[in-house]
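Data block below; observations after.
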Amino acid sequence: MAGSMNIPVILYGSPRIFDDGNEFYFREMEGAFLQLRQILGTDLQEDKLRERIAVRNNLRKQIQDLRKAGKLPTGLLHRIASSGFPEERIGEFLRENCLSADNHRVKLLLAGSIPGYWELGEIEASGAMVAADATCLGDRFFRNEVDERMEPLRSLYKYYVEDNICPHRRPQDKLLIYMKELAAERQIRGIVYLTLKYCHPWGLSHIRIKQEMGYPLVRIDDDLSSPAVGSFKTRVGAFVEMIKAQK
């Protein structure tokens, strides 16, 4: 239980190296699902899992199409990624409410640790837009679909554990390939690289990503304190002005 809140906590191991101990880590996830069944007092039926996987895949495809067309703002994308609303309601909302992007703005890729609520606003205030997002709650969260041909639990393991391209995984080639493809697809002109204090995977990956991506990049460290807001605003503003001057 989580302290005095009486909240069940399920822990299971996940690999740091791709293609390492797949069967062991699958059993870890399988055990976590068993605990979840016991906590909820219900049976996770295979046909029901298949149904929900298909519904979630449809939402992923819808979001991918909207993002490619520039019709889904990054701030809304983050809210969807962290939302617990049913996929059907989210899909309906997106069909009725998404807007076209302002293509006259400088297009940036936001990479690194999960941003706070204010960073996206400051980027937009500088005259730029986050056309691509490689943070944990950005485009990477919806980058592909769960394989519906496999046994449901196996397919969920492959998607959420084995194919996870968080920078804590080694080697990081898959993450870099994805970021390069995303940057080219969205025609970005620069990268805002956000590192949160104690989020070491992104912090330690900064040099390699900067070298291999080949775009202008500004790295900004954030410790979630108030002075960080002013520093972020100043540095992003100067970065955007530099890109505009290059044009």
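Quick look at the values:
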quantity: Hits in region 141-158 (condition: within 18 Å of Lys48 (Cα to Cα) and assigned to a helix (DSSP H, G or I)); calculated: Pro152, Leu153, Arg154, Ser155, Leu156, Tyr157
quantity: Leu204 assigned by TED's automatic domain parsing to the domain that holds Leu76, assigned to a helix (DSSP H, G or I) and in contact with a helix residue (DSSP H, G or I) (Cβ under 6 Å, 6 or more places away or on another chain); calculated: no
quantity: Pair list, Cβ < 9 Å and 6+ apart or interchain, from region 111-130 residues that are within 15 Å of Thr195 (Cα to Cα) to residues that are part of a loop (DSSP other than H, G, I, E, B) and of a type in the set (Val, Ile, Thr); calculated: Ala111/Thr135; Gly112/Thr135; Ser113/Thr135; Ile114/Thr135; Pro115/Thr135
quantity: Close pairs (9 angstrom Cβ cut-off, 6 or more residues apart or separate chains): within 15 Å of Tyr117 (Cα to Cα) in region 62-89, basic (Lys, Arg) anywhere; calculated: Thr74/Arg67; Leu77/Arg67
quantity: Check on Ile188, crowded, with 19+ Cβ neighbours inside 10 Å and either in contact with a Phe, Trp or Tyr (Cβ under 9 Å, 6 or more places away or on another chain) or acidic (Asp, Glu) (or both); calculated: yes
quantity: Boolean, Leu204 is more than 15 Å from the chain's Cα centre (by Cα) and either closer than 30 Å to Ile53 by Cα or at pLDDT below 90 (or both); calculated: yes
quantity: Test: residue in region 156-163 that is within 30 Å of Gln246 (Cβ to Cβ), out of contact with any Ser or Thr (no Cβ under 9 Å at 6 or more places or on another chain) and free of Cβ contacts under 8 Å to residues at least 40 places away in the same chain; calculated: no
quantity: Total residues in region 1-51, condition in contact (Cβ under 8 Å) with a residue 40 or more places away in the chain and polar (S, T, N, Q); calculated: 2
quantity: Matching residues, region 161-178, being closer than 26 Å to Val192 by Cα, assigned to a helix (DSSP H, G or I) and not basic (Lys, Arg); calculated: Asp173, Leu175, Leu176, Ile177, Tyr178
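The values are calculated or read from the model by the stated rules, or taken from the named source; none is laboratory data. Note that the coordinates shown come from a computational prediction; the quantities given were computed from them, not determined experimentally. Reconstructed Cβ throughout: ideal geometry from the backbone, glycine too, with neighbour counts over all protein chains shown.
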